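For reference, the structure is listed below as structure tokens.
The values are calculated or read from the model by the stated rules, or taken from the named source; none is laboratory data. Keep in mind that what you see is a predicted model, and the values were worked out from it rather than measured. Every residue, glycine as well, gets a Cβ built from its backbone with ideal geometry; the counts of neighbours run over all protein chains shown. Note: areas computed on protein heavy atoms with side chains; ligands, DNA, RNA excluded. Shrake-Rupley method; radii C 1.70, N 1.55, O 1.52, S 1.80 Å.
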Amino acid sequence: MDYGLTEEQKSIISTAREIAQKHIKPVRQRYDAEEIFPWDIVKVLGEAGLFGVYIPEEYGGKGMGVFELVLVVEELSRVDAGIALCLAGTALGAYPILLGGSDEQKKKWLPPLARGEKLAAFALTEAEAGSDATAIQTTAQRDGDEYVLNGTKCFITNGGDAEIYSVMAVTEKRKGARGISAFVVEKGTPGFEFGKKENKMGIRASSTRELIFQDCRVPRVNLLSREGMGLILALKTFDATRPGVAAQALGIAAGALDEAMAFTTTTTVDGETLASHQAVQHILADLATEVEAARALLYATSRMIDKGAKRTTKESAMSKLYASDVAMKVTSTVVRLFGHRGCLTDYPVEKMMRDAKITQIYEGTNQIQRNEIALALIKEAASAATT
Ligand SMILES: Cc1cc2nc3c(=O)[nH]c(=O)nc-3n(C[C@H](O)[C@H](O)[C@H](O)COP(=O)(O)OP(=O)(O)OC[C@H]3O[C@@H](n4cnc5c(N)ncnc54)[C@H](O)[C@@H]3O)c2cc1C
């Protein structure tokens with residue numbers, strides 16, 4: 001489908017595609033099996049300027065937006081979603097700074113992220129606070145010109161490998177959701193350590209670790225936005241970054257479809273290619289239609305965000321929900337089309353199915369996306385009724 005891309009956007013896609021084919025494809029199976037963090041790929045992506053596509057030029061980026069970030073993540077994830085996460089996870093950690101940081105804070109932390117010299121991470125989830133973010137227990141107690149952080153975050157993407165962490169902590173418990181604040185905590189700050197690294201079913205080249213804060217003193221100048229605005233900043237971040245998860249899911253689905261087309265048009269059963277059977281053709285037609293529908297929804301949402309739409313919670317949630325469900329459906333169908341080969345690690349499709357699953361879970365499970373979409377629909381209906 002023609003999405004009217006500019007020459008610059010086409011060039012970003014071709015750069016990401018070339019890196020994916022030349023550098024990621026040859027290592028993807030080994031990095032997944034051995035859980036290797038892709039530092040060599042980080043370097044290549046950084047040199048190509050892809051870490052900074054969504055970061056304003058004044059802070060060292062290319063000055064583009066969510067749409068271009070989505071294009072990059074889709075292309076990289078088409079080959080390996082776990083490796084792509086070094087970049088997408090950094091965007092998730094960078095957005096609170098981008099959306100809530102002062103000019104000084106942006107000047108300090110964004111340029112090395114734009115160059116890919118440092119990675120970022122986003123830390124909200126805790127053992128007893130996943131879907132319900134208001135239940136977080138990590139505290140940040142004000143002490144003069146510092147805040148003292150105590151608590152443990154879990155399942156943090158890029159945890160341990162990132163240098164810059166956007167961390168949500170409770171500054172005033174009695175205020176509930178309005179008592180949560182966002183801080184930047186840099187790796188190496190005394191009292192900030194890393195705990196267990198998770199052994200995951202998919203995206204295994206991406207590190208997922210616990211963050212442990214024990215009397216960790218963070219200067220007051222590391223507070224993003226204002227005290228009490230942390231949860232709002234996290235939700236605004238999700239509006240901008242859930243399209244990134246959708247792009248990951250779309251890339252996985254498109255990659256699985258690429259594999260299905262190559263396999264069914266070259267593999268013969270009883271002297272005929274699989275793709276010559278109408279039953280198989282219909283499967284391919286359905287999958288391709290759903291992949292394109294996911295792409296159209298995602299691209300429209302990303303462009304809406306970049307045009308400055310006030311709230312895109314519903315559209316961002318729809319993009320993430322739809323693309324991740326499509327990714328799960330496409331990958332499991334393609335595994336089946338591959339027959340016995342589908343479950344062998346010699347072929348990439350079983351890994352794509354394992355990677356797809358996570359896109360239904362993180363940055364809010366798909367049940368939570370449905371809650372958000374329904375809430376927005378009900379609000380829209382109520383406001384239509386009063387006008
Ligand atoms: C690989 C990986 C990487 C991650 N990276 C990060 C990261 O970088 N930063 C970060 O902060 N977090 C991260 N997470 C955490 C992730 O965002 C949470 O796992 C997710 O939000 C779900 O929370 P939970 O796991 O605690 O599930 P729970 O909240 O315990 O949910 C369990 C089940 O109950 C359902 N459920 C819960 N509440 C409702 C409701 N109100 N309505 C309907 N159903 C509901 C859920 O959909 C789910 O099926 C990561 C997780 C994983 C697995």
Is it true that PHE67 is within 18 Å of LEU250 (Cα to Cα), open to solvent by less than 20 Å² (accessible area, probe 1.4 Å), of a type outside the set (Ser, Thr, Tyr) and out of contact with any Pro (no Cβ under 7 Å at 6 or more places or on another chain)? yes
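Yes/no per residue for (1) touching a Leu at 6+ places or on another chain (Cβ under 7 Å); (2) assigned to a loop (DSSP other than H, G, I, E, B); (3) farther than 20 Å from ALA205 by Cβ; (4) more than 16 Å from the ligand (Cβ to nearest atom):
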position: TYR347; (1), (2), (3), (4): no, yes, no, yes
position: ASP355; (1), (2), (3), (4): no, no, no, no
position: ASN371; (1), (2), (3), (4): no, no, yes, no
position: ALA374; (1), (2), (3), (4): no, no, yes, no
position: GLU380; (1), (2), (3), (4): no, no, yes, yes
position: ALA385; (1), (2), (3), (4): no, no, yes, yes
Regarding GLU104, is this residue open to solvent by 30 Å² or more (accessible area, probe 1.4 Å), more than 10 Å from the ligand (Cβ to nearest atom) and in a loop (DSSP other than H, G, I, E, B)? no
Residue within segment 30-51 that is open to solvent by 20 Å² or more (accessible area, probe 1.4 Å), more than 16 Å from the ligand (Cβ to nearest atom) and of a type in the set (Phe, Trp, Tyr) present: yes
Is it true that some residue in segment 317-329 is hydroxyl-bearing (Ser, Thr, Tyr), out of contact with any strand residue (DSSP E or B) (no Cβ under 7 Å at 6 or more places or on another chain) and open to solvent by 50 Å² or more (accessible area, probe 1.4 Å)? yes
Determine, yes or no, whether VAL184 is aliphatic (A, V, I, L, M) and either under 19 Å from LYS106 (Cβ atoms) or open to solvent by 30 Å² or more (accessible area, probe 1.4 Å) (or both). yes
Test: LYS236 is under 27 Å from ASP325 (Cβ atoms), open to solvent by 50 Å² or more (accessible area, probe 1.4 Å), of a type in the set (D, E, K, R) and not in a strand (DSSP E or B): yes
For residues in segment 330-345 being surrounded by 14 or more Cβ atoms within 10 Å (Cβ to Cβ) and among the aliphatic types (A, V, I, L, M), which is farthest from the ligand (Cβ to nearest atom)? LEU337
All strands (runs of 3 or more DSSP E) inside segment 135-206 with 3 or more residues being on the phi < 0 side of the Ramachandran plot and within 15 Å of the ligand (Cβ to nearest atom): 146-157, 164-170, 180-186, 192-197
